[in-house]
Amino acid sequence: MKRINILITAILVLLIFGCTSTTNNNSKTQKNPTQSDNIMPEYLGFESFKEMVWDFETNPNEWTYKGDMPCIIDFYADWCNPCKKIAPIMEELASEYEGKIKIYKIDTDVERKLASVFEITGIPAILFVPLNGQPMKQTGAMSKEYYEEIINEDLLISTE
């Protein structure tokens, strides 16, 4: 009888703590309670990338940007600590430059083909896409000021 009581208690403890530790784990769709109503970067998949950025299957040898404003594409992975470091920076930039640039995120673990198209070998990798001209790639986590400098001197200047 004592074993049954211990077993029942153990099961109850596991159920109680197991249920509370698995709530709110979907960070891509749920907002952190401390965040304001900022504009968030948009997650791109294979098809949405081809529709909104570049259809590399139709034009594999010619870069043709489909967007109506410059963009930044953050190639990341959920397990990557430097990627986690720049995620809030990208969120701030998305809000601060709303209507001037778009910021997209691509999960390299999910979208391996997109990562291979741009030869992403290290993450975070940031693709800066001007409205006119070729994209520029930067690998590694940089400061917010560095990203702002590229936005102001390379991306926004191309729209004037």
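The values are calculated or read from the model by the stated rules, or taken from the named source; none is laboratory data. The structure presented is a predicted model; accordingly, all values stated were derived computationally and were not measured. No Cβ is skipped: glycine too gets one built from the backbone with ideal geometry, and neighbour counts run over all protein chains shown.
Out of 66, 84, 105, report the one residue that is in contact with a helix residue (DSSP H, G or I) (Cβ under 8 Å, 6 or more places away or on another chain), among the basic types (Lys, Arg) and under 14 Å from residue 41 (Cβ atoms).
Residue meeting the stated conditions: 105.
Of the residues 58, 20, 64, 29, only one is modelled with pLDDT under 85 and either in a loop (DSSP other than H, G, I, E, B) or in contact with a Gly (Cβ under 7 Å, 6 or more places away or on another chain) (or both); which?
From the options 58, 20, 64, 29, the qualifying one is 29.
Considering the range 119-139 alone, what residues qualify as being in contact (Cβ under 8 Å) with a residue 40 or more places away in the chain and either surrounded by 12 or more Cβ atoms within 10 Å (Cβ to Cβ) or part of a helix (DSSP H, G or I) (or both)?
Result: 120, 123, 124, 125, 126, 127, 128, 129, 130, 131, 135.
Please go through the range 75-97 and give me each residue that is assigned to a loop (DSSP other than H, G, I, E, B) and more than 10 Å from the chain's Cα centre (by Cα), ordered by number.
79, 80, 97
Taking the range 101-118 on its own, how many of its residues are surrounded by 13 or more Cβ atoms within 10 Å (Cβ to Cβ) and small (Gly, Ala, Ser)?
Of the residues in the range 101-118, 1 are surrounded by 13 or more Cβ atoms within 10 Å (Cβ to Cβ) and small (Gly, Ala, Ser).
Results for (1) touching a strand residue (DSSP E or B) at 6+ places or on another chain (Cβ under 9 Å); (2) farther than 25 Å from residue 59 by Cβ; (3) among the β-branched types (Val, Ile, Thr), shown as yes or no for each residue.
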residue	(1), (2), (3)
83	yes, yes, no
87	yes, yes, no
106	yes, no, yes
132	no, no, no
